[in-house]
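Scroll down for the structure; my scribbles are underneath it.
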Amino acid sequence: MATISNLQRARAAYQPKLPKALQGPVKAVEGAATQSVGNQDEIKALFPNTYGMPVVEFAAGEAKEVPQFNVGIILSGGQAPGGHNVISGLYDGVKSLNRENKLYGFLMGPGGLVDHKYIEFTDELIDSYRNTGGFDIIGSGRTKLEKTEQFEKGIEILRELGIKALVIIGGDDSNTNACVLAEYYAAKKYGVQVIGCPKTIDGDLKNAQIETSFGFDTACKTYSELIGNIERDCNSARKYWHFIKLMGRSASHIALECALQTQPNICLISEEVEAKAQSLDDIVNYIAGVVAERASRGLNFGTVLVPEGLIEFVPAIKKLIAELNEVLTDPATGESRVFASAEEQITFVKSSILPENLAVLESLPADVARQLCLDRDPHGNVQVSLIETEKLLSKMVASRLAAWKKEGKYAGKFSAQHHFFGYEGRCAAPSNYDADYCYSLGFNASRLIANGKTGYMSVIRNTTAPASEWIAGGVPITMMMNMERRNGAMKPVIRKALVELDGAPFKYFASKRDEWARETAYVYPGPIQYWGPSEVCDQTTKTLQLEHE
């Protein structure tokens, strides 16, 4: 167990707030039958036992005796602030139903279920982790639950421990796996329920039912504090352009939210780049143009926010990556091809892709081209966090400005600093919002279990209102799914939520960015506040505020 800091001791005293509906006995109010967001026939065929179930909303009910049951929980994928509060909320929830109930945590992610590695939570252990960041109470991992032998190994330990339900905390891929597991256990009539919980700091696991994934609020506030610190330094030294890459492989929600909070000179939005079919050259010209305009007024400094996944949204590079994913997948197994060396892999790629995609690959800097050709993550994705897009852009901007200087179009000075804010935000102590939201998600999951639900995701809505007015319930995971091509084959996945270019947050940003580019309009949010005026410590993200105005 980690040493407890003074902040952690003080923070442990914070009591997360619950929606009114969860503060006593509940009853489940069911809506109409649902269908998936796309490919209804295919999804229904793949999930015959968990498809079409109704959305559930909890309301005040009558107290009744609940038989003893045990629950297991898994932390899956990357860390996000608030995970410990989901666990403590679930723990308190199952204990409130029957003090004899037990909660087990599987160690180091889904692999702990398969390998039968677990711990039993106790009051003392839970109390030492309340309102803390990180996933270190049981650890996390990226093992994918998708094979029959994994499911069967899992049921062995679930039966041994008398576990009635399994809660999987994860992002879109992890919750897709939770749905596959729920379907398998339902088809086999094993009597084990599976509940998902929406986690990802990237903010791309949201829809009409899920307002936001947990951790997004805290991560964005943490990054915005750091960006504000850099902006103040930038405005003090007045001699550097700071290129700041932010997490967000598949969507630009973090970059957009941080821009709304800090008002940088430039913020690139990947979804806009794709919609406008912009090339790397177009992006470089835009940044260089802002640099040159500010330099004409003696302002040789600024800040640029870059989404982690930007390069995947440049149309020509997106086509290249799609083909790379195909050729690097073994069609016989659906797994990544294995090569004796990186050089052998690169040679294979160059000999296998279409000429137009090869031309794009060879036009890129050697280190970027090399990374695109090499290993994928467990879900078959390019590891874009390893591509130093912020350095690539600043280098290209410097070259463009040097060319303009020779042509007499630019007379300023350009010097760049580089930053990547990723791990700094994933395990931050949760904000009041995430502390409350996560605790409610976990407590709510206990009520879904008690009401016999499986294949559902725990959801809490209306979160821009006071916590007592939040709406608790569950949504069938199949409702959020469609078919997409992954690792060379069509697979059921939860549809990712991208930044909506016609949505209120982006429209507000777009209305302000020319002013922010021209002026030095920085905002310095400062550190996350836990105690103090409610307008400081209890506010939601700018994204949620704008979406619900």
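The values are calculated or read from the model by the stated rules, or taken from the named source; none is laboratory data. Only a predicted model underlies this, so the values are computations on that prediction, with no experimental measurement involved. Ideal geometry is used to build each Cβ from the backbone, glycine not excepted, and the neighbour counts take in all protein chains shown. Side chains are part of the model used for accessible areas, which takes the heavy atoms of the whole protein and leaves out ligands, DNA and RNA. Shrake-Rupley method; radii C 1.70, N 1.55, O 1.52, S 1.80 Å.
Brief remarks follow.
- Matching residues, segment 317-376, being part of a helix (DSSP H, G or I), over 23 Å from residue 395 (Cα atoms) and among the β-branched types (Val, Ile, Thr): 327, 346, 347, 349
- Positions within segment 1-27 being touching a Phe, Trp or Tyr at 6+ places or on another chain (Cβ under 6 Å) and part of a strand (DSSP E or B), in sequence order: 26
- Conditions (1) at pLDDT 95 or above; (2) within 26 Å of residue 45 (Cβ to Cβ); number of the one not met by residue 484: (1)
- Test set (1) in a helix (DSSP H, G or I); (2) at pLDDT below 95 - residue 208 fails condition number: (1)
- Qualifying residues in segment 376-415 (those that are open to solvent by 50 Å² or more (accessible area, probe 1.4 Å) and under 30 Å from residue 143 (Cβ atoms)) - the one modelled with the highest pLDDT: 388
- Exclusive hit being without any contact (Cβ under 8 Å) to a residue 40 or more places away in the chain and of a type outside the set (Lys, Arg), set 156, 211, 124: 124
- Selection count, segment 57-114, where residues are in contact with a Lys or Arg (Cβ under 6 Å, 6 or more places away or on another chain), more than 20 Å from residue 159 (Cβ to Cβ) and β-branched (Val, Ile, Thr): 0
- If you check 289, 298, 248 for being small (Gly, Ala, Ser) and either closer than 15 Å to residue 394 by Cα or part of a helix (DSSP H, G or I) (or both), only one passes: 289.
- Selected residue (only one of 465, 472 is out of contact with any helix residue (DSSP H, G or I) (no Cβ under 9 Å at 6 or more places or on another chain) and not charged (D, E, K, R)): 465
A quick yes/no check of all residues on (1) at negative phi; (2) more than 18 Å from the chain's Cα centre (by Cα); (3) among the aliphatic types (A, V, I, L, M); (4) open to solvent by less than 10 Å² (accessible area, probe 1.4 Å):
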| site | (1), (2), (3), (4) |
| --- | --- |
| 419 | yes, yes, no, no |
| 425 | yes, no, no, yes |
| 430 | yes, no, no, yes |
| 453 | yes, yes, no, no |
| 472 | yes, yes, yes, yes |
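- For segment 272-293, the candidate set comprises residues that are more than 18 Å from residue 514 (Cα to Cα) and modelled with pLDDT of 95 or more; within that set, the residue that is surrounded by the fewest Cβ atoms within 10 Å (Cβ to Cβ) is 277.
- Per the listing 248, 196, 203, 215, the residue uniquely at pLDDT below 95 and crowded, with 24+ Cβ neighbours inside 10 Å is 248.
- Near pairs, Cβ below 6 angstrom, 6+ apart or cross-chain, from segment 425-446 (closer than 19 Å to residue 73 by Cα and small (Gly, Ala, Ser)) to any residue that is open to solvent by 10 Å² or more (accessible area, probe 1.4 Å) and not in a helix (DSSP H, G or I): 435/16; 440/18
- Selection within segment 487-501 - more than 13 Å from residue 173 (Cα to Cα) and modelled with pLDDT under 95: 487, 488, 489, 490
- Applying the criterion of at least 3 residues that are at negative phi, open to solvent by less than 20 Å² (accessible area, probe 1.4 Å) and at pLDDT 95 or above to the strands (runs of 3 or more DSSP E) found wholly in segment 42-119 leaves 70-75, 102-106.
- Counted residues, segment 129-156 - those being in a helix (DSSP H, G or I), among the β-branched types (Val, Ile, Thr) and open to solvent by less than 50 Å² (accessible area, probe 1.4 Å): 1
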